Amino acid sequence: MSVNAGLAHVSTDFMIAALLIYSLALLAFAGDYAFGRPRRKAAAAPVAERAAQLAAVGAASAGAASAGTVSAGTVSGDAADAGPANPAGPVARPERPAGAFRAIKDAGPWVVAAASLSWLGILAHVVAVTTRGFAVHRAPWGDMYEFITALTCVAALFFGYILIKYRAWALGVFVMGAIVIALGLAETLIYTPAGPLVPALQSYWLSIHVTAMTLSSGIFFVAAVLGIMYLVTERYRKRVAAGKAEANPLLDRIPSASQLDKLTYRAVVFGFPIWTFGVMAGAIWADQAWGRYWGWDPVETWAFITWVIYAAYLHARATGGWRGVRAHYIQLLGFASLLTNIFVIQIFVTGLHSYAGVQ
């Protein structure tokens, strides 16, 4: 089928719009990072920590309550005197965690603008990828340009999820910055006009194999950004503790190393099974296309190497002696292997997978 040129232009326009909106979101995240309200940290605090703080306030205010003082989250002095005395003091009732949208509103106008722009950009990005697919009448990840734009779309969607789920707007300036750079490079350096696929890729397995690889790569993209932040944060706080560096208010706003470690681990745990399925689906497609499941083609070999490295990270993370910095080096080595496969092996190494579409 011929390419729908009108939809192809619409896709390009929406992709550029997404890039511009992401850039504005990045500026808003940077504004919050530099000038955000102090109560932003309280709005993003884990529920358990907030409940513990309330309980501590309730216990400490037992004396004040008997004088009629009212503390937030505690009973009043009159109510405390009405019944039998509680030797442990008034018991604080844990507050319900604020909803995601309320938490964003409480974090201040910078976060409201950043989150709103992020989701607006994600919407434009999804429309761009979708219309590209309708324009070419297939899954919109058949060449290098389409793969990168789809990968960054998955990364933006995944970040949008953790933005709401974990109140992770402190990560926005880093994750959104990486997405803007990657999408900007795709639009300027490797842009490929909409066109038909080479015959070897004209298979329904494209929608299965490449979709899985795109989803997992987008998740690994976010995990890599979080891993770099972990290493920076860990090194900075160790230097401050050792007296080798002065405290930096901006760096202090980065989430703790333990929080970054948990988010990175959860991202890789989520993406690794999808990558595994993608490798298996690729082997089945190879059997249908070339008559063998595995032929040590450069791309499939490097995909297996990437799988081994991420498996090693998960094993290291589950082993007490390899948690922390060393485990994150393994995770970043896995992402470096993934990038090598995309930008080096597929472009410069001749093989059966040389369909990058880079002109």
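The values are calculated or read from the model by the stated rules, or taken from the named source; none is laboratory data. Treat the numbers as computed from the prediction; the structure is a model and nothing was measured. Glycine also receives a Cβ, built like all others from the backbone with ideal geometry; neighbour counts cover every protein chain displayed. Ligands, DNA and RNA are stripped out before the accessible areas are found, and what is left, the full protein with its side chains, is counted by its heavy atoms. Shrake-Rupley method; radii C 1.70, N 1.55, O 1.52, S 1.80 Å.
In table form, for the structure just shown:
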quantity: Test result for LEU163, in a helix (DSSP H, G or I) and crowded, with 17+ Cβ neighbours inside 10 Å; calculated: yes
quantity: Within segment 146-175, tally of residues that are among the aliphatic types (A, V, I, L, M) and either over 21 Å from PHE343 (Cα atoms) or in contact with an Asp or Glu (Cβ under 8 Å, 6 or more places away or on another chain) (or both); calculated: 8
quantity: Criterion: in contact (Cβ under 8 Å) with a residue 12 or more places away in the chain and outside any helix (DSSP H, G or I) - qualifying residue of ILE254, ILE309; calculated: ILE254
quantity: Scope segment 99-131; condition farther than 11 Å from ALA25 by Cα and modelled with pLDDT under 95; matching residues; calculated: GLY99, ALA100, PHE101, ARG102, ALA103, ILE104, LYS105, ASP106, ALA107, GLY108, PRO109
quantity: Among (1) under 20 Å from LEU215 (Cα atoms); (2) open to solvent by 40 Å² or more (accessible area, probe 1.4 Å), the one test that GLY278 misses; calculated: (2)
quantity: Single residue of ALA135, ALA156 found to be closer than 21 Å to GLY6 by Cα, touching a His at 6+ places or on another chain (Cβ under 9 Å) and open to solvent by less than 10 Å² (accessible area, probe 1.4 Å); calculated: ALA135
